[in-house]
Amino acid sequence: MIASAIFLLALLGVPLFAIIGLCALLSFYNADINAAAIFIELYRVASNPTLIAIPLFTFAGFILAHGKTPERLAHLSQSLLGGIPGGIPLTILLACAFFTALTGASGVTIIALGGLLYPLLIKEKYGENFSLGLITSSGSLGLLFPPSLPLILYGLVAQVSIDKLFIAGIVPGLVMIFIVASYAILRGKKIGALSTKPEFSDVPNALRKAAWEIPLPLIVLVGIYSGFFTVTEAASVTVVYVILIESLIYKDLSITKDIPVLMRDSIILVGSILIILGTAMGFTSYLIDEQIPMTLLETMRQYIDDPLTFLIALNIFLLLVGCMMDIFSAIIVVVPLIIPIAKSFDINMVHLGIIFLTNLEIGYSTPPIGINLFIAGTRFGKPVLALYKAVLPFLGLRLVGLLLITYVPALSLFLVDWISN
Amino acid sequence: MELIRYLYSLDRTLEKIEWCLIVCLLSMMIILSFGQMVSRNLFHYALIWGDTFLRQLVLWTGFLGASLAVRQNKHISIDVFSNFLSPKLKNKVFTYTCIATAIISGFLAWAAWSFVQFEKESESILFLELPVWLFQLILPYSFLTIAFRFLLHSTRSKTKETIQNNL
């Protein structure tokens, strides 16, 4: 009774922090635990040195999204790839992946880049369906690349090394891009006629314009893996670098006018995640103390006894979660409960993280309620039903990628093993 | 009506103060963390309490942000139905969900307050003689202003598009 009432409140749009807070308050009241215990776990998470990477990377992402970085990136990849079949879709895939990795929230990618790139696709006669589907589903493609926020959050919640997660996501992320890109190139060959000519003469110009932004992922990656700085230090270098280039070199943003607004807006995003972390961590650790995951596990054991079947069940479950919840809350709420079960099936925690994120990023554009469908619908003024149809082929392709990533752990782990040796 | 108008203006004043605090604290966070990195790598020296303080700054800015998020409708919710509802019904549902959220946040504020009380009794020190509970005050403050803002919010109509809710 109570459970279904709470569920209804959630569906009607009561914010998740309040829903989880309500669950925690009620069950602590029943178990005679002081409600103050809700916040104890928050302070355990808050003692993790990597916590500060979250606001810093988020802020850096906001600065990049609001300067003219999307334009410069689109220009550069277009000049590099414009002349080849499937070139424009490839441009979109790469630019979106790069951008989502830096900004972490894929809705922003659709708004910032989608509007720039959609007209190009239409001009090249890729058709409305293909174009909408491509942009809607590329919005979440970059989540597996460092320094994406969901990767950091998973590391914090699951207590897994974030350095390892950063490397583990690279190959699976490329696999996803490769699969979608092959489809796009085939499609491009079928259309044949290209309205844009190759513009290689434009490459030096485009490169020069984006010269300050291209090295960013390298600074983060090389800095961390050469051992020169930690993830946290990389975050603070990124912020300082991004502020300097956007306000002093490119002069896209004014320090006194734009930066305070971006500070507020990025911290609002961080706050909306942090408050869920605040109310959920105490509750999930209570559930674990009450052996809820273990009870679940015993029930599961009756039907599932090998890791492979467990992973299939996990995939289906996470796809459902992914289209109901946004990626941040899903990580905070679901990960602590799944971990004890996954451990009993000997799943590697780094690999589990990659499976989680791949699943959830697909959930973003899964009908009927994947959130990117609504964002794209509003952005391009199309009915949501048109988007359902448009994303279907892409969904199929990404499910293939998901299966590969889930059942071939080596894709996520061989680089990690190779580097740590 | 007079009271509501007064509460609205109180809300706006608080918003300005919080925004200002966020800008100051985040700038401090950036400068301190960058400074720590530079001095650690160049001079092999860093403030011992620096990292602890930085993490407290994250909590402070974050919970201030959570409180501001109400005004901009940016709290993360599942929000499945509202995409299919008529505007009139949408507004009605919005009013009730706001009131429900305000009540829950009120209880959470009380839970956070008792959390601070416990910490106060244990008299633990974070660094430089500063007690832990002082830093935890942000929790009850944040939940209290969230409750207040959702209550005010229930008197408004839902104007923002879904799209802005989810960025």
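Summary of values
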read-out: Residue in segment A:374-395 that is at pLDDT 85 or above and more than 30 Å from A:L116 (Cβ to Cβ) present; value: no
read-out: Qualifying residue in segment A:75-93 (condition: closer than 20 Å to A:R208 by Cβ, of a type in the set (A, V, I, L, M, F, W, C), open to solvent by 10 Å² or more (accessible area, probe 1.4 Å) and touching a Pro at 6+ places or on another chain (Cβ under 7 Å)); value: no
read-out: Unmet criterion (only one of (1) among the aliphatic types (A, V, I, L, M); (2) in contact (Cβ under 8 Å) with a residue 40 or more places away in the chain; (3) farther than 17 Å from A:I405 by Cβ) for A:L121; value: (2)
read-out: Filtered residues of segment A:1-36 (kept if facing another protein chain (nearest Cβ under 8 Å), of a type in the set (A, V, I, L, M) and within 21 Å of B:V116 (Cα to Cα)); value: A:A18, A:L22, A:L25, A:A35, A:A36
read-out: Single condition A:L269 does not satisfy, out of (1) open to solvent by less than 10 Å² (accessible area, probe 1.4 Å); (2) under 20 Å from the mean Cα position of the chain (by Cα); value: (1)
read-out: Selection from segment A:408-418 of residues that are part of a helix (DSSP H, G or I) and without any contact (Cβ under 8 Å) to a residue 24 or more places away in the chain; value: A:A410, A:D417, A:W418
read-out: Flag if A:E246 is over 13 Å from A:T58 (Cα atoms), more than 22 Å from the chain's Cα centre (by Cα), buried (at least 21 other Cβ atoms within 10 Å of the Cβ) and of a type in the set (D, E, K, R); value: yes
read-out: Top-ranked residue in segment A:1-52 [being part of a loop (DSSP other than H, G, I, E, B) and either open to solvent by 70 Å² or more (accessible area, probe 1.4 Å) or polar (S, T, N, Q) (or both); ranked as modelled with the highest pLDDT]; value: A:N34
read-out: Considering residues of segment A:262-292 that are facing chain B (nearest Cβ under 7 Å) and out of contact with any Gly (no Cβ under 8 Å at 6 or more places or on another chain) only, the residue modelled with the lowest pLDDT; value: A:I276
read-out: Residue in segment B:13-34 that is open to solvent by 20 Å² or more (accessible area, probe 1.4 Å), part of a loop (DSSP other than H, G, I, E, B) and not aliphatic (A, V, I, L, M) present; value: no
read-out: Yes/no for B:A109 being crowded, with 19+ Cβ neighbours inside 10 Å, at pLDDT 85 or above, hydrophobic (A, V, I, L, M, F, W, C) and in contact with a Pro (Cβ under 7 Å, 6 or more places away or on another chain); value: yes
read-out: When residues of segment A:246-261 are limited to those that are at pLDDT below 85 and assigned to a helix (DSSP H, G or I), the one farthest from B:L64 (Cα to Cα); value: A:I249
read-out: Hits in segment A:212-225 (condition: closer than 20 Å to A:V160 by Cα and open to solvent by 30 Å² or more (accessible area, probe 1.4 Å)); value: A:L221, A:Y225
read-out: Condition check for A:I111: farther than 30 Å from A:E233 by Cβ, among the β-branched types (V, I, T) and without any contact (Cβ under 8 Å) to a residue 12 or more places away in the chain; value: no
read-out: Qualifying positions in segment B:59-93 - within 7 Å of chain A (Cβ to nearest Cβ), in a helix (DSSP H, G or I) and either acidic (D, E) or open to solvent by 20 Å² or more (accessible area, probe 1.4 Å) (or both); value: B:F81, B:N83, B:V93
read-out: Restricting segment B:93-122 to residues that are in contact (Cβ under 8 Å) with a residue 40 or more places away in the chain and of a type in the set (G, A, S), the residue that is nearest to B:R149 (Cα to Cα); value: B:A102
read-out: In segment A:35-66, the residues that are free of Cβ contacts under 8 Å to residues at least 12 places away in the same chain and more than 28 Å from A:V220 (Cα to Cα); value: A:A35, A:A36
read-out: Those residues of segment A:313-345 which are under 16 Å from A:T358 (Cα atoms) and without any contact (Cβ under 8 Å) to a residue 40 or more places away in the chain, in sequence order; value: A:A313, A:I316, A:F317, A:A330, A:V334
read-out: Spans of helices (runs of 4 or more DSSP H) in segment A:293-407 with at least 1 residues more than 14 Å from chain B (Cβ to nearest Cβ); value: A:307-324, A:327-344, A:349-363, A:384-407
read-out: Exclusive hit being of a type outside the set (S, T, Y) and over 23 Å from A:H66 (Cα atoms), set A:L248, A:L262, A:L287; value: A:L287
read-out: Filtered residues of segment A:48-62 (kept if touching a Ser or Thr at 6+ places or on another chain (Cβ under 8 Å) and under 15 Å from A:R264 (Cα atoms)); value: A:P55, A:L56, A:F57, A:T58, A:F59, A:A60, A:G61, A:F62
read-out: Residue list for segment A:304-351, filter: at pLDDT 80 or above, loosely packed, with under 14 Cβ neighbours inside 10 Å and of a type outside the set (A, V, I, L, M, F, W, C); value: A:D306, A:T309, A:D346
read-out: Residue count, segment A:377-398 (criterion: touching a Leu at 6+ places or on another chain (Cβ under 6 Å) and in contact (Cβ under 8 Å) with a residue 24 or more places away in the chain); value: 2
read-out: Residue list for segment A:385-421, restricted to those being within 20 Å of A:P146 (Cα to Cα) and open to solvent by 40 Å² or more (accessible area, probe 1.4 Å); value: A:P409, A:A410, A:F414, A:D417, A:W418, A:I419, A:S420
read-out: Pairs where the first residue, in segment B:50-61, is under 14 Å from A:P55 (Cβ atoms) and polar (S, T, N, Q) and the second is open to solvent by less than 10 Å² (accessible area, probe 1.4 Å) and in a helix (DSSP H, G or I), C-beta under 6 Å, 6+ apart; value: B:T61/A:I267; B:T61/B:I22; B:T61/B:L26
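The values are calculated or read from the model by the stated rules, or taken from the named source; none is laboratory data. Values in this document were obtained by computation on a predicted structure and should not be read as measured data. Don't worry about glycine lacking a Cβ; one is built from the backbone with ideal geometry, like all the others, and counts go over all protein chains shown. These area figures cover heavy atoms from the full protein model, side chains too; ligands, DNA and RNA do not enter into them. Shrake-Rupley method; radii C 1.70, N 1.55, O 1.52, S 1.80 Å.
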